[in-house]
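Working notes, structure below.
A short reminder: the numbers here are calculations on the coordinates, not readings from a lab. Keep in mind that this is a model prediction, so the values were computed, not measured. As a convention, Cβ positions derive from the backbone with ideal geometry for all residues, glycine included, and neighbour counts pool all protein chains shown.
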Amino acid sequence: MDQEAKKISIVAFMTAPRYENTWARNYIEIALKQAGIPLAVSGGVFYGQCMQTMMERAIDDGVDVGLTIDFDSVFTKTHIDTLLSRLCFDKDIDAVCGMQCRRGGKTPLASCGQERKLTTDGRPIKVTTAHFGLTAIDMKKLRDVPKLWFHSQPNDDGSWSGDKTDDDIW
């Protein structure tokens, strides 16, 4: 999607670990450069704090669309264009993410409440949870969402395994 034609401002947000997958980072930067989207990177250790700070700054700067990226996601300009076209042309959508496989699992990084199976016909699926590996967010709508935007919660036993909630899913 040509952001010049729509006259919208877009910024991509990513937190980066001290050591990261340079192969994925190369392709992230290629796709963003082709799409004309700048990348804001935070190297802090607390994911939620870093993302919220970058997003707050973008809202204050009048950014229209935030594009969240995980440092190990792999995508192309076409994937970015598809997400942006869904977000920008459907006013009922506040955020849209790409479908991504769960690392080490057989299910996607999304859920639809109690539904155990996701099916698609090419149109967006309304989900209860998703990931920030590649997600486009309408920043004007995010501005009205009460904070805390990111929060992690252990499972019922207080452990960080199994049925826990990570702050990028909250």
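Could you derive backbone 3J(HN,Hα) for the range 158-167 from the dihedral phi with the Karplus parameters 6.51, -1.76 and 1.60 (θ = phi - 60°), listing whole Hz in sequence and x where the residue is Gly or Pro?
Couplings: x, 9, 9, 9, x, 7, 10, 10, 7, 5 Hz.
Report ³J(HN,Hα) in whole Hz for each residue of the range 22-35, in order, from the Karplus equation J = 6.51 cos²θ - 1.76 cosθ + 1.60 where θ = phi - 60°; Gly and Pro get x.
Coupling constants for the range 22-35: 5, 4, 5, 4, 4, 6, 4, 5, 4, 4, 5, 4, 4, 7 Hz.
Within 10 Å, count the other beta carbons around each residue, average over each peptide in 160-168, 56-64, and list them highest first.
Working: 160-168: 13.3, 56-64: 14.9.
The peptides rank, most packed first, as 56-64, 160-168.
Can you list residues from other chains, or at least 5 along the same chain, whose modelled amide H is less than 5 Å from the amide H of Asp70?
Amide H to amide H, under 5 Å and 5 or more residues apart or across chains, Asp70 pairs with Gly133, Leu134.
Within the set of other residues whose C-beta is less than 10 Å from the C-beta of Val11, count the net charge using Lys and Arg as +1 and Asp and Glu as -1.
Residues near Val11 contribute -1 overall.
Mind checking which of Gln49, Gln100, Gln153 has the largest fluctuation in a GNM of the chain, springs on alpha carbons under 10 Å?
Residue with maximal mean-square fluctuation among Gln49, Gln100, Gln153: Gln153.
Taking the inverse of the average 1/r across all pairs of different Cα atoms in the chain, what Kirkwood radius in Å do you get? Present the calculation step by step, with values, prior to reporting the outcome.
Working: mean 1/r = 0.0596 Å⁻¹.
The Cα-based Kirkwood calculation yields 16.8 Å.
Kirkwood hydrodynamic radius (Cα pairs, Å) of the range 95-149? Intermediate values should be presented prior to the final figure.
Values: mean 1/r = 0.0788 Å⁻¹.
About 12.7 Å for the range 95-149.
Suppose each label sits 7 Å from its Cα in the direction of the beta carbon; what would the Trp149-Lys77 distance come out to in nanometres?
2.7
First select every other residue whose beta carbon is under 14 angstrom from the beta carbon of Met55; then total the charges, Lys and Arg +1, Asp and Glu -1. Mind dumping the intermediate values first?
On the way: positive: Arg57, Lys140, Lys141, Arg143, Lys147; negative: Glu56, Asp60, Asp61, Asp64, Asp94, Asp138, Asp144, Asp167, Asp168.
Computed value for this residue: -4.
I'd like the Karplus ³J(HN,Hα) series for the range 70-86: coefficients 6.51, -1.76, 1.60, θ = phi - 60°, whole numbers in Hz, and an x wherever there's a Gly or Pro.
Per residue, the Karplus-derived 3J(HN,Hα) values read 8, 4, 10, 7, 10, 7, 10, 4, 4, 5, 4, 4, 4, 4, 5, 5, 5 Hz.
Mind checking which lysines have their C-alpha under 29 Å from Lys164, skipping anything on the same chain fewer than 8 residues away?
Filter leaves Lys106, Lys117, Lys126, Lys141, Lys147.
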